[in-house]
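Report on the structure given below.
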Amino acid sequence: MTDNFNDDDAFASAGLRLTVDLGALVENWRDLARRSGKARTSAVVKADAYGLGIEDVGETLYGAGARDFFVATADEGATLRLYAPEARIFVLSGIWPGMERRFFENDLVPVIASEEQLTFWMSVLSDYGDYPCALQVDTGFNRLGLPMDDAMALADDVSRPASFAPVLVMSHLACGDDPSNAMNRQQLEAFRKVSAAFEGIEASLANSAGIFLGADYHFDLTRPGIATYGGEAVPGVANPMRSVATAEARIIQTRSVKSGETVGYGRALQLTRDSRLAIVSAGYADGYMRSQSSAGVPLRETGIAGGHGFIAGHKVPVAGRITMDLTIFDITDLPENLVRTGDYVELFGSNISVDEAARAAGTIGYEMLTSMGLRHERRYISEEVEE
């Protein structure tokens, strides 16, 4: 029997699907590059490009002009190397014994972030000779990075091997998404001292939010992540980025339910009117989090009202508890002829932003994107975007 099934068929019939707009991705990255002024702009593609696919995203951003990339692990870097052949690829988790070949064969740059890694890296250089690295310095985050005093001492250490020559010194903002927070200025002043101590070496401080803090934070290289993918860099202000990812779930069944009846596990939601419900093929196994369950479900104490979907030009609320594979939406207020079995409900996208969906779950857009499971049928679309 001839198999005429193709990718378009798979997407059209999928229970759960994800559309990634690569044209919007490029526009966002170029917008961030313009906002970065004189600084170059890198591409952060860790966590499978924030859940959207490191292969397609990496190749697209490389084609758009990105030449500096950041990944979390050496394995991510090795995958990206196939799609960004001439790029500098920095590995944020650094290097440990036994990983040397992985780094050298794929031309990856380790980000040295601790005394232990620094000691090991010095031994690697003595065995293998010159090789580039980046140096991460903690300026107040208290996460990864050499302490300030150790970094300044390293900069002044005339006995350090000549082969130890970082190509980048970097730090990370703790409160960049809160522009009025005094911590931003404190970290900036600390990093200025670090940058001056490592004179002649490129410096990088700004993440997505840091770009919006202004030119003082840009240094030589900016590192936008979430904003490239359409998410909010600074909550509470209008998001200038284009939506990149759209997640949709198919309606498996619609049903009419009488007032007074209950919905879902635990009889958690009791209906106060005759209602129509749509049951869709997405649940917490797909990153549509249980904490987005309707306001009538006592799952948390945040006061958040619960999630919504979007169909036929209307927002519709989640009804009852979100389960592993299924979510129920209340479509009572929509005309009956607008919704049919087989239609798709947008979970997030251009009508319900990923950040809006995340707030309904009591989390952030980063987690929504990176929590998507393996069951989304993916489609990548791209319109030609001129510079």
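The values are calculated or read from the model by the stated rules, or taken from the named source; none is laboratory data. Keep in mind the model is a prediction, meaning the values are calculated, not measured. In this analysis, Cβ positions are derived from the backbone assuming ideal geometry, glycine residues included, and neighbour counts consider all displayed protein chains. Only protein heavy atoms, including side chains, enter the accessible area calculation; ligands, DNA and RNA are left aside. Shrake-Rupley method; radii C 1.70, N 1.55, O 1.52, S 1.80 Å.
Side notes on the structure shown:
- The residues of segment 349-359 that are closer than 15 Å to T19 by Cβ, open to solvent by 10 Å² or more (accessible area, probe 1.4 Å) and not hydroxyl-bearing (S, T, Y), listed by number, are N351, V354.
- Test for E199: is it outside any strand (DSSP E or B), of a type in the set (D, E) and either crowded, with 18+ Cβ neighbours inside 10 Å or within 30 Å of the chain's Cα centre (by Cα) (or both): no
- Test: residue in segment 52-60 that is touching a helix residue (DSSP H, G or I) at 6+ places or on another chain (Cβ under 8 Å) and without any contact (Cβ under 8 Å) to a residue 24 or more places away in the chain: no
- Test: residue in segment 115-126 that is under 23 Å from L213 (Cα atoms), outside any strand (DSSP E or B) and under 29 Å from the mean Cα position of the chain (by Cα): no
- Among the residues making up segment 224-246, none is on the phi > 0 side of the Ramachandran plot and outside any loop (DSSP other than H, G, I, E, B).
- Options R223, R192; residue that is open to solvent by 10 Å² or more (accessible area, probe 1.4 Å), modelled with pLDDT of 95 or more and touching a His at 6+ places or on another chain (Cβ under 9 Å): R223
- Test for D9: is it over 27 Å from F219 (Cβ atoms), modelled with pLDDT under 95 and out of contact with any Pro (no Cβ under 9 Å at 6 or more places or on another chain): yes
- Scope segment 135-183; condition open to solvent by 30 Å² or more (accessible area, probe 1.4 Å), β-branched (V, I, T) and closer than 24 Å to F70 by Cβ; matching residues: V167
- The condition of being touching a helix residue (DSSP H, G or I) at 6+ places or on another chain (Cβ under 6 Å) and either farther than 21 Å from A196 by Cβ or open to solvent by less than 40 Å² (accessible area, probe 1.4 Å) (or both) does not hold for T119.
- First in segment 311-338 and within 14 Å of A360 (Cα to Cα), second anywhere and open to solvent by less than 70 Å² (accessible area, probe 1.4 Å) and among the charged types (D, E, K, R), Cβ under 8 Å, 6 or more apart: V316/D330; P317/D330; V318/D330; A319/D330
- Within segment 9-67, considering residues that are hydroxyl-bearing (S, T, Y) and open to solvent by less than 10 Å² (accessible area, probe 1.4 Å), the one nearest to G210 (Cα to Cα): S36
- Of everything in segment 253-304 that is open to solvent by less than 30 Å² (accessible area, probe 1.4 Å) and touching a helix residue (DSSP H, G or I) at 6+ places or on another chain (Cβ under 7 Å), the residue that is modelled with the lowest pLDDT is Q292.
- Selection of segment 65-88 for residues being assigned to a loop (DSSP other than H, G, I, E, B) and either within 21 Å of L18 (Cα to Cα) or not aliphatic (A, V, I, L, M) (or both) yields G65, R67, T73, Y83, P85, E86.
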